[in-house]
Amino acid sequence: MADFDAIVIGSGMSGGWVAKELCERGLKVLVLERGREIDPAVDYTDHLAPWQRPNLDRIPEDEVAQHYYVQKTGVSYAVQETTKQYWVKDDEHPYETAEGKPFDWLRGYHTAGKSIMWSRQTYRLGPQDFESNKQDGHGIDWPIRYNDLRPWYEHVERFAGISGSRENLPQLPDSIFQPAFELTAGEQVLKRGVESAFPTRKVISARIAHLTAPTEEQTALGRGACQSRNYCHRGCSFGAYFSSMSATLPAARRTGNLTMVHNAIVQKLDYDPATQRISGVRVIDAQTKEERVYTSNVVFLNASTVATTVLMLNSTSETFPNGLANRSGQLGRNLVDHVGQAVAAGMVPGLDDRYHAGRAPGGIYIPRYANITEHDTDFVRGFGFQGGVKRQGWNGDRAGIGADFKTANRTPGPWFAYISAFGEMLPNPDNRITLHPTRRDEWGMPVPVIDCAFGENERKMMQRASRDAKAMLEAAGIYVVMSSESMPIEMVMSKPGNKIHEAGTARMGADPMQSVLNGWNQAHDVPNLFVTDGASLPSNGCQNPSLTYMAISARAANHAADLMRDGAL
Amino acid sequence: MTDRRQVLLGLALALGGPAALASCDQAATNDELLRSLRPDGRLAFYNTREYQFIGVLADAIIPTTDTPGAVDAGVPAYLDGMMAAWASRETQRQHKTSVRDVRARLTELGGRDFFQLSDEERRAAVAALDTAAYETQGPPTAASFFGAAAGSSPAPETPEQSYRALKGLIAQIYYASEPGATVELQYELVPGRWLADAPLSEIGRTWAE
C-alpha cells in the first residue's frame, strides 16, 4: 500500500496546480518542496515603506559577492535586501556551464518557488506555436494543438485571475479577463503612433495575473484586489497576484487531502522493472540530511526545468542507464529560454500636464507580428515586446542646489518610454544539460553542467527587434535616447537562462524514440510518471510561459486522475 | 567648455578670497549646523569631520525650507550606517576619497577651509561646483535615466564626478526618508487604485516610490 495516491515534486507554478487538481479530485497528495517554508507574515516585505528598507534596499556588496553573484547580476531589479530571502545562495547551489557559454540559472527554493517572484506576465500560446516545430523542422512536432489546451487555459484563468483587454488577435488568443490596467497618457501616445505607422502591430495593456475584480472563489481563498503598489517582488500580503502561495496551495489544503513537506530534496526516483513503474521517491532532508523514501501510485515532477532534468538524469537503473524514461536519448536536450535585450528607450515630448497615481504592476505588450502578419524576415518564428511609458520621478542628478533643486523635483520628470523584446529560441539538441561526472552538492546531488548558446536565428531576430524597437518609438514621436540598434549584436543578446523561461529538456511528442513524454505529459516508458513543468514543452513560443505551465499541469493532473479512477494506473 | 569652467572657478575664487578674510569671525551660523551634526553615538564609518562635511554638503544641496531638509531627514546618519553596513572595502575607500576630493575642491572654490566659510559662502562654493559639474552635461542620455540605480556606475575620477555621485546618494536617501517622501514629495504605501491618466494639477507633486 502506497503512502499517498500522488507525490508532487515541487510546489511552484506548475506543482501547485497539480496539487490543487489532484486534491480536488479526492486524491491524497504529498507535495515535496526542497526549500524552506515561507510564512507570509514573516517573509513578505511588501508592507515596508522606503524609509524602512535598510541601506536603500541594497544587499551588502560583500554578501552579493559571496552569495548572490549569479542571482543579483541576473535579476538586479528583483534581488534586493528585502527580497533576497526568495533567491538561492549561489555558493550553496552550484552548477557549471560549458566554457564560453554562460547560462543564468535563476531560482528560489521555498514554498511556491518562483511563483512568488515571477513578473506575472500571462499570455496564452497561439495556434501557431503548437505548429511551428512541424512547419520549420526545428524540434519535433507537438503531440497536441492549441484546441487541446484551450479549455485548460480557460480553466486556470478563471481560477488564477488575469487582467487584460480583449483584442481578438489570432496569434495571442484572449484569456478570460478581469479588467485591464489602463494605459498611461504616454502609453496611449505609443499605441496611437505604432498602430497608425504599422497597421498590423498592436500596443496593448500587459496581461498580468493580478486580480482587478476578484470572484467569490478568489476571495474565499483570502485573496483580494490588486492595490497598485507594484511591490510584487516582495510577496503580496493581499494575495492579489497569482502564486501557489496565494491560490493553488490553499485550494489544495482546504480539501483536507494535502500533505506538504519542506526541506525535502528528492535525490532519486526508484524504478521497479517488474511493474515498470516508479516505486519510491528518495528524499534527503535539507537540514538534517536524514534520508527517507515515500511511495505513491503516481509521481508528478514539477521541480522546474533544470532541476527536473537533473533528477531524472540522476535516476538511473538497469532499465534506464542514461536517466529515467530516457530511451529516446532526448532527456536533457533541446534546452530553450527566451532571447532578449533588443531594446529602445526614450522620452515622450509634451504631456507635461498629465500624470498618474498609484503604481501599476504592468505596462504594455506588443504581440508578435514577425512571421505572423509581416513576412519580410530573415529568420523563423518571432518576438514580442514588453515595455511601458511612465513619468520619471525626482532626479538626484540634475543641476542646481538648494530650494531650486527641491522645487524642481516637486514636478515629476519626463515621460520615459521603453520596450524590450522577448524572442523565441529554436529547440536544438546540442543545447543540453548533463550531470557532472564527479562534482556533487552538499546533499550529494550531481552538479548540472549546462551547455547552451543562442544560434544565428536568435541573432537575426534580435537585430530585427532592435531596429523595430527604435522605429516604433520614433513613429510615436518619442525622442530615442537608448537603442540596441547601434550595438554589436553580441552585446545585445541576453544570456541564455536570463529570461527565466527555461524549457524543453524532457519534451513531449508522439514518438517514444524522439521524446520523453506523451501528449498527456506522461512518460512514454513509465506510466506513473508525469512531468508538467517547462521541461515538457517541445518549444516555448515567444510568450511568457507560466500560463501554459499552469494549463498543461491542470490538464495532465486531471488525465492522471481519470486514469486512476478507471483503474488504469 | 574647459575655458568656461576655468573662468567660472576663477570667478568663484576671486569672490571667495576677499570674503574669506572678511568672515573670520562670522562662523556663528556654521556652528549651529555643526553643533546639530554632532553624532549622537559612535559613528559607524566616517570620522567626525567627514560626517560633518557630509552634513554641511547635504544641507547646501537640500536645505530646510518650508519643508524639512536633508539634515532634518537624517541623511548623514543614514549614509554613515549604510557605508558601514553595505559598502565593500573598495567602495568604502573610493567613497572616502570622493569625500576628500570634493571637500578639497570646495575649499579651493571657497578660498579657505570649507568649514570656515559662512553659510552664504558655503552655498556659493557648492553652487560653483554644481555649475561646473553639470556644465558639460549634454542632452539626456541613457545613463541619466538609469543613473539613479547607483552601485553600477564606474568610480568617479574627478571632483566634479565625485560631487555628482555624492549628490545623487544624498538625494536618494532624502527622498526615501519619511520627510522626503511624505512631506517634500507625496507617497502612498497602499495606493488602492491605479489612475492611469490624470491632470498633473489634480495630483500635485512628484510621487515618491
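The values are calculated or read from the model by the stated rules, or taken from the named source; none is laboratory data. What you see is a predicted model, and the numbers here were worked out from it, not measured in a lab. Glycine also receives a Cβ, built like all others from the backbone with ideal geometry; neighbour counts cover every protein chain displayed. Calculation scope for accessible area: heavy atoms of the full protein, side chains included, ligands and nucleic acids excluded. Shrake-Rupley method; radii C 1.70, N 1.55, O 1.52, S 1.80 Å.
Overview of results
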{"quantity": "Index of the failed condition, A:PRO437 passing every other in (1) under 30 Å from A:ASP352 (Cα atoms); (2) free of Cβ contacts under 8 Å to residues at least 40 places away in the same chain; (3) in a strand (DSSP E or B)", "calculated": "(1)"}
{"quantity": "Residue that is nearest to B:THR67 (Cα to Cα) [pool: residues in region B:165-176 that are within 7 Å of chain A (Cβ to nearest Cβ) and open to solvent by 10 Å² or more (accessible area, probe 1.4 Å)]", "calculated": "B:ALA176"}
{"quantity": "Near pairs, Cβ below 7 angstrom, 6+ apart or cross-chain, from region A:394-414 (more than 7 Å from chain B (Cβ to nearest Cβ)) to any residue that is in a loop (DSSP other than H, G, I, E, B) and open to solvent by 30 Å² or more (accessible area, probe 1.4 Å)", "calculated": "A:ALA408/A:ARG398; A:GLY413/A:GLN392; A:GLY413/A:ASN395; A:PRO414/A:GLN392"}
{"quantity": "Hits in region A:295-309 - residues which are among the small types (Gly, Ala, Ser) and either farther than 25 Å from A:TRP520 by Cα or in a strand (DSSP E or B) (or both)", "calculated": "A:SER296"}
{"quantity": "Residues of region A:211-244 classified as among the hydrophobic types (A, V, I, L, M, F, W, C), farther than 20 Å from A:TYR86 by Cβ and in contact (Cβ under 8 Å) with a residue 24 or more places away in the chain, total", "calculated": "3"}
{"quantity": "Of all residues making up region B:182-200, the number that are open to solvent by 50 Å² or more (accessible area, probe 1.4 Å), in a loop (DSSP other than H, G, I, E, B) and either out of contact with any His (no Cβ under 8 Å at 6 or more places or on another chain) or of a type in the set (Lys, Arg) (or both)", "calculated": "2"}
{"quantity": "One residue from A:GLU37, A:GLU92, A:GLU96 being acidic (Asp, Glu), open to solvent by 30 Å² or more (accessible area, probe 1.4 Å), farther than 25 Å from A:PRO250 by Cα and touching a strand residue (DSSP E or B) at 6+ places or on another chain (Cβ under 9 Å)", "calculated": "A:GLU96"}
{"quantity": "The lone exception for A:THR377 - which of (1) farther than 30 Å from A:ALA471 by Cβ; (2) among the β-branched types (Val, Ile, Thr); (3) open to solvent by less than 40 Å² (accessible area, probe 1.4 Å) it fails", "calculated": "(1)"}
{"quantity": "Matching residues in region B:104-123 - criterion: being among the aliphatic types (A, V, I, L, M) and out of contact with any Ser or Thr (no Cβ under 9 Å at 6 or more places or on another chain)", "calculated": "B:ALA104, B:LEU106, B:LEU109"}
{"quantity": "Check on A:THR200, part of a loop (DSSP other than H, G, I, E, B), touching an Asp or Glu at 6+ places or on another chain (Cβ under 9 Å) and open to solvent by 20 Å² or more (accessible area, probe 1.4 Å)", "calculated": "yes"}
{"quantity": "Residues located in region A:349-393, provided they are in contact (Cβ under 8 Å) with a residue 60 or more places away in the chain, on the phi < 0 side of the Ramachandran plot and aliphatic (A, V, I, L, M)", "calculated": "A:ALA360, A:ILE364, A:ILE366, A:ALA370, A:ILE372, A:VAL380, A:VAL389"}
{"quantity": "Helices (runs of 4 or more DSSP H) wholly inside region A:39-132 containing at least 3 residues that are farther than 26 Å from B:VAL75 by Cβ and more than 14 Å from chain B (Cβ to nearest Cβ)", "calculated": "A:40-43"}
{"quantity": "Qualifying residue in region A:306-317 (condition: free of Cβ contacts under 8 Å to residues at least 24 places away in the same chain and within 13 Å of chain B (Cβ to nearest Cβ))", "calculated": "no"}
{"quantity": "Residue count, region A:99-128 (criterion: open to solvent by 10 Å² or more (accessible area, probe 1.4 Å) and farther than 30 Å from A:LEU172 by Cβ)", "calculated": "5"}
{"quantity": "Flag if A:GLY396 is part of a strand (DSSP E or B) and open to solvent by less than 20 Å² (accessible area, probe 1.4 Å)", "calculated": "no"}
{"quantity": "Every residue from region B:91-113 that is within 14 Å of the chain's Cα centre (by Cα) and either part of a loop (DSSP other than H, G, I, E, B) or aromatic (Phe, Trp, Tyr) (or both)", "calculated": "none"}
{"quantity": "Filter result for the condition that a residue is modelled with pLDDT under 95, in the same structural domain as A:ASN263 (by TED's automatic domain parsing) and of a type outside the set (D, E, K, R), over A:TYR77, A:TYR69", "calculated": "A:TYR77"}
{"quantity": "Residue satisfying all of: in region A:255-296; among the basic types (Lys, Arg) and surrounded by 15 or more Cβ atoms within 10 Å (Cβ to Cβ); nearest to A:MET312 (Cα to Cα) among these", "calculated": "A:LYS268"}
{"quantity": "Residue in region A:142-160 that is out of contact with any Leu (no Cβ under 8 Å at 6 or more places or on another chain), in a loop (DSSP other than H, G, I, E, B), open to solvent by less than 10 Å² (accessible area, probe 1.4 Å) and of a type outside the set (Gly, Ala, Ser) present", "calculated": "yes"}
{"quantity": "Verdict on A:ARG359 being assigned to a loop (DSSP other than H, G, I, E, B), basic (Lys, Arg) and crowded, with 21+ Cβ neighbours inside 10 Å", "calculated": "no"}
{"quantity": "B:ALA155 vs. criteria open to solvent by 40 Å² or more (accessible area, probe 1.4 Å), under 26 Å from B:ARG103 (Cβ atoms) and touching a residue at least 40 places away in the same chain (Cβ under 8 Å)", "calculated": "yes"}
{"quantity": "Top-ranked residue in region B:57-84 [being among the hydroxyl-bearing types (Ser, Thr, Tyr) and at the interface with chain A (Cβ under 9 Å from one of its Cβ atoms); ranked as nearest to B:ALA176 (Cα to Cα)]", "calculated": "B:TYR78"}
{"quantity": "Filtered residues of region B:22-57 (kept if at pLDDT below 85 and either in contact with a Cys (Cβ under 8 Å, 6 or more places away or on another chain) or not in a helix (DSSP H, G or I) (or both))", "calculated": "B:SER23, B:CYS24, B:ASP25, B:GLN26, B:ALA27, B:LEU37, B:ARG38, B:PRO39, B:ASP40, B:GLY41"}
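Per-residue answers, yes or no, for (1) surrounded by fewer than 22 Cβ atoms within 10 Å (Cβ to Cβ); (2) within 26 Å of B:PRO154 (Cβ to Cβ); (3) in contact (Cβ under 8 Å) with a residue 60 or more places away in the chain; (4) among the hydroxyl-bearing types (Ser, Thr, Tyr):
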| residue | (1), (2), (3), (4) |
| --- | --- |
| B:HIS95 | no, yes, no, no |
| B:ALA104 | yes, yes, no, no |
| B:GLN116 | yes, no, yes, no |
| B:ALA128 | no, yes, yes, no |
